[in-house]
Amino acid sequence: MNVNEKFSEGVKEVYTLLKQSTDLHKELWIEHVVFSWRWWLVLVLTILPWIFWSIFRKKGSTHRLLFVGFFTMFISILLDITGARLGWWYYKYEVIPFSPSFKPWDISLLPVLTMFFLQVRPQINFFIKAVIYAFLIAFCAEPLFMWLGFYEYPNWEYIYSFIIYFIIYLFSHYIVTRNEFDKIK
């Protein structure tokens, strides 16, 4: 067997194991997660922040804020999947069992919180807001979600999250304060 065939067989084995893992996870999800109180809470936390945002957003900044919200969503999903795949954390209660990321966090809570922080009191120094934002998420929200049993951190510390959230906020602030959008011609 040549090197290319060994590689192909190895990749095939990885995907076979991934499929078996996905099937087992789906069975556990159907048996223990779907329609549990935690599942309903996760579903509400996926939908409710967007309803809140649609009511309380600054209407004149909708598109700019959405741009930052989608940026936050993209980064959050990317980092979440990476961390889960590397075994830094894992989730027990997801809305759907087919993705190793926490949907309410990645596509709802974090983007909406970021947009909210950016639009409220914009005159406050953005470094101070970044520290408050990162602190609230890393040292208040994450421990709460851990205590509620939504996920585990076998190889992660809250301080790492603080640094990441701080950087996400700084990038989000940079993006939202740009005036370089040209009209499409």
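Observations, loosely collected:
- Taking region 12-34 as the range and being over 16 Å from TYR91 (Cα atoms) and within 23 Å of the chain's Cα centre (by Cα) as the test, only LEU18 passes.
- Sole residue being at pLDDT below 90, part of a helix (DSSP H, G or I) and on the phi < 0 side of the Ramachandran plot, chosen from HIS63, HIS32: HIS63
- Selection within region 81-110: residues that are assigned to a helix (DSSP H, G or I) and basic (Lys, Arg). The member of this set that is farthest from VAL42 (Cα to Cα) is ARG85.
- A residue that is surrounded by fewer than 17 Cβ atoms within 10 Å (Cβ to Cβ), among the β-branched types (Val, Ile, Thr), touching a Phe, Trp or Tyr at 6+ places or on another chain (Cβ under 8 Å) and more than 21 Å from VAL44 (Cβ to Cβ) cannot be found anywhere in region 157-166.
- Every pair of residues 6+ apart whose Cβ atoms lie under 9 Å, when the first sits in region 97-123 and is touching a residue at least 12 places away in the same chain (Cβ under 8 Å) while the second is among the basic types (Lys, Arg) and assigned to a helix (DSSP H, G or I): PRO97/LYS26; PHE98/LYS26; PRO100/ARG85; PHE117/LYS129; LEU118/ARG64; LEU118/LYS129
- Looking only at residues of region 57-92 that are of a type outside the set (D, E, K, R) and exposed (fewer than 12 other Cβ atoms within 10 Å of the Cβ), we find that the one that is farthest from GLU152 (Cα to Cα) is GLY60.
- Annotation note: Cβ proximity below 9 Å between a residue of region 2-19 that is without any contact (Cβ under 8 Å) to a residue 24 or more places away in the chain and a residue that is part of a helix (DSSP H, G or I) and of a type outside the set (S, T, N, Q) (sequence gap 6+ or interchain) occurs for no pair.
A quick yes/no check of all residues on (1) under 15 Å from the mean Cα position of the chain (by Cα); (2) of a type in the set (A, V, I, L, M); (3) assigned by TED's automatic domain parsing to the domain that holds LEU48; (4) part of a loop (DSSP other than H, G, I, E, B):
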| position | (1), (2), (3), (4) |
| --- | --- |
| ILE124 | no, yes, yes, yes |
| ILE137 | yes, yes, yes, no |
| ALA141 | yes, yes, yes, no |
| PHE145 | yes, no, yes, no |
| TRP156 | no, no, yes, yes |
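- Residues (of a type in the set (S, T, N, Q) and in contact (Cβ under 8 Å) with a residue 40 or more places away in the chain) located in region 20-48: THR22, SER36, THR46
- Candidate set: region 128-154, residues that are in contact (Cβ under 8 Å) with a residue 24 or more places away in the chain and under 13 Å from TYR169 (Cβ atoms); chosen: the one surrounded by the most Cβ atoms within 10 Å (Cβ to Cβ): TYR133
The values are calculated or read from the model by the stated rules, or taken from the named source; none is laboratory data. These numbers were taken from a predicted model, which means no experiment stands behind them. Methodologically, a virtual Cβ is constructed for each residue, glycine included, from the backbone with ideal geometry; neighbour enumeration extends over all protein chains shown.
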